[in-house]
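The values are calculated or read from the model by the stated rules, or taken from the named source; none is laboratory data. In this text, all values refer to a predicted model and were calculated from it rather than measured experimentally. All Cβ positions, glycine included, derive from the backbone under ideal geometry; neighbour counts span all protein chains shown.
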Amino acid sequence: MADFTKLSRALKLKCVAVVGDSRRTNLEWIRGQLDFIGRLYSVQVNPETVEDIKALGVENYSSLLNLPEPIATHPVIAWSPTVS
């Protein structure tokens, strides 16, 4: 019989961190996770973007290391090839 423990843990996430979402994308990655049942965190260092993130009711941290709990093994990373 297959062991579905690890698969179940991967599919039943308790918290998610979106790293590097941007005003340029209208915080598309975070907005896409707002219905997530669990805790949603953002990791962003741009102060202007942080204010927009907070306005959505999402806690923001300056580093993954600062999150109050471990995140899923597959963080959502908002990346754009135009970001320098």
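May I ask you to list the residues in region 33-57 that are in contact with a Lys or Arg (Cβ under 8 Å, 6 or more places away or on another chain) and more than 11 Å from residue 22 (Cβ to Cβ)?
38, 39, 56
Tell me, yes or no, whether region 19-33 has at least one residue that is part of a helix (DSSP H, G or I), aromatic (Phe, Trp, Tyr) and at pLDDT 90 or above.
yes
Identify, please: which residue in region 13-55 is more than 18 Å from residue 65 (Cα to Cα) and β-branched (Val, Ile, Thr) and is, among those, surrounded by the most Cβ atoms within 10 Å (Cβ to Cβ)?
The selected residue is 30.
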